[in-house]
1. So which residues in segment 459-493 are more than 30 Å from the chain's Cα centre (by Cα), of a type in the set (Val, Ile, Thr) and either buried (at least 19 other Cβ atoms within 10 Å of the Cβ) or part of a helix (DSSP H, G or I) (or both), if there are any at all?
2. Scan segment 310-345 for residues that are of a type in the set (D, E, K, R) and closer than 14 Å to residue 369 by Cβ and report the count.
3. Filtering segment 414-458 down to residues that are open to solvent by less than 60 Å² (accessible area, probe 1.4 Å) and not in a helix (DSSP H, G or I), which residue is farthest from residue 486 (Cα to Cα)?
4. Where residues in segment 218-232 are farther than 23 Å from residue 252 by Cβ and not basic (Lys, Arg), which of them is surrounded by the most Cβ atoms within 10 Å (Cβ to Cβ)?
5. Among the listed residues 201, 240, identify the single one that is of a type in the set (Val, Ile, Thr), part of a loop (DSSP other than H, G, I, E, B) and either open to solvent by 30 Å² or more (accessible area, probe 1.4 Å) or touching a residue at least 24 places away in the same chain (Cβ under 8 Å) (or both).
6. Please work out which residue is modelled with the highest pLDDT, limiting yourself to segment 257-277 and to residues that are within 19 Å of residue 95 (Cβ to Cβ) and open to solvent by less than 20 Å² (accessible area, probe 1.4 Å).
7. Can you tell me which residue within segment 101-124, out of those that are open to solvent by less than 30 Å² (accessible area, probe 1.4 Å) and outside any helix (DSSP H, G or I), is farthest from residue 537 (Cα to Cα)?
8. When you scan segment 362-381, do you find a residue that is open to solvent by 30 Å² or more (accessible area, probe 1.4 Å) and more than 28 Å from the chain's Cα centre (by Cα), even just one?
Amino acid sequence: MLPSLGAPKPLLPPPSGADSTSGAIERAPELTSTDSDATPAKDGISVNSLDAVSGETVGTIGSGDSALPATMWDGTPRSAIQRMLALVGDTPATASLRRLLLRILLSPATVPQATDAADRTSLVKARIDALERLGAWPDYLRLLDLAPAGVDDETALSPALRARLKSDAGFLIGDTGTSCAIARDAMLSNPQDIYWQKAGTFCQALAEEWESVEFNLRLMLELGDQDTRYIELMRAVSGTLSELPQMPQAAQLRPLDIAMMRVAGIAPAMPAPDAVPASLIPILTSFKTLRFEDRLRLAERGERLGLVDRSDLIALYELVDIDPSQMKNALSAAAADPSANGRALLYRAIASQTLPLARAQAIQQALSLGRRDGRYGATARLYAPLIQEIPTTSPYAWFAADAASAFIASGMSDAAAPWLEMASREARLGPEQATAWRDAVILSRLAAGEDVPLERNFLREWWRGVRNVAPEGAPERATLLFGLLEATGAETPGTVWRGLISQATPKETISPPAALQRARRDAARNGRLGEGALLTVLSLSGAGLLDYDTVALTESVRALSELGLRKDAYRLALDIYLAAGNTPVSAPPGE
């Protein structure tokens, strides 16, 4: 029935001049003597051949990208690394933890050789799979391109598997050009593989090769293929389907299904945005056939988790349908509407404001609403670039503490410095200004550790204001802050904890599994960097920061600090404090 297709073509031909049987990692030839009478080495000099470099050491980032040391897996058994990588999947609680996890997965590092047959699985493939579950698609593709190739080596990727993974990723993220280049070649070289026949037929439809499409579809049906969803989607792509089919949720769809739906203008069923797997957030945010409200809520969640760029969120904010009359009362409207639409309205109104004084006043109100809604960190990141346009001069001293806090929360401590200095002078004017300054200093201390010393009696004054104005939440807030300070190197007198005992109230929280916490503690105390860092991220994944008990949070910060990852420890401490509700508390008059 089919014409001769000729010799099968390789999916990923080797580079020009390279041996087709060689792996992706080029190795130096062994130093062997061809002369049996070669002069022996001089006394005191030993001549040994170098160990072969394992292809599993590959990574996509270097020291300039904050890569972890190449020795990070020293002391950790290969089997333990495999088990931990298999656990990666739940969304890390913060964007900073996600960034740490990406550095673990993307850093080039030596790994123990497999000594047991059960351990001879590819650690690079395990890292690639983890990146897929995290939705880190650009990093996924870069590591996939560097993964060692091989057919008989179980620790390497076969060319066929690499081609399938790359094709699926392209279909998911909308890069059909790359996927179709692979699929068209593979459908000829692998005529028995139904996946490539289906993918290649879809690509033929994109090129409007309808005779080939019809022939291939009829052949699939005659061979007994019962993939009803594929047939329906192909009819939708070709425009011959009178009524578009209902599709399940994206998590139940194949990459090829999603690519076909994107072309046919069909949207998947949509659960609550908080229930969408992290791996699909970047994909569905740009899926134009989804309801716009769902895309917007997904983008906000994705920005908070580090999956969506601020610029992409703003681009969606700009598409929100807003009545021009609402722009005049944006602050009151946003205060009454704590939804994504309300936040889009407020951002657009503030961004369009040309007077620095009016912009500063509006941003101050926006940050206050962010605290009220538990979105202070996201709000600070959104407005930080706009705050940079406000002059750091005395007419704006009333805004200094707000500006400094927003910059620190956004990871822009250098930009915060002049505002923090101005806020310290403003603090002399009254208790309200002093409280705002103290809160900004606490953020600065958590973000930089002991590089920001606290003045004598500073924390005493902070505690006095919190206790007098908000006595119900004061013990819990103090317990968290003092625990975070202690975990990042500060000394906390025992009298502090004794004073909080009688005021502590039970709270329903979750704790990471006990075995995971003990393994993390042992790794941190014994300097097993990769193991301790990965276990720390795993212990705070799958739930929000405030779902965990205070001890679990502070011990996670301590573990990173003990491992030498002090910047990561500081950032996590700051994220925890911000999540707990960074609400300034004014001291009563005369306190």
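The values are calculated or read from the model by the stated rules, or taken from the named source; none is laboratory data. The model shown is predicted, which means the values in this text are computed figures rather than measured ones. For neighbour counting, all protein chains shown are included, and Cβ atoms are generated from backbone atoms with ideal geometry for every residue, glycine included. For accessibility, only protein heavy atoms count, side chains too; no ligands or nucleic acids. Shrake-Rupley method; radii C 1.70, N 1.55, O 1.52, S 1.80 Å.
1. Taking segment 459-493 first, the residues more than 30 Å from the chain's Cα centre (by Cα) are 459-475, 491-493.
Next, from what is left, pick out any that are of a type in the set (Val, Ile, Thr): 466, 469, 492.
Residues satisfying the conditions are 466, 469.
2. 2
3. 430
4. 219
5. Exactly one residue qualifies, and that residue is 240.
6. So, considering only residues that are within 19 Å of residue 95 (Cβ to Cβ) and open to solvent by less than 20 Å² (accessible area, probe 1.4 Å), the one modelled with the highest pLDDT is 276.
7. 114
8. yes
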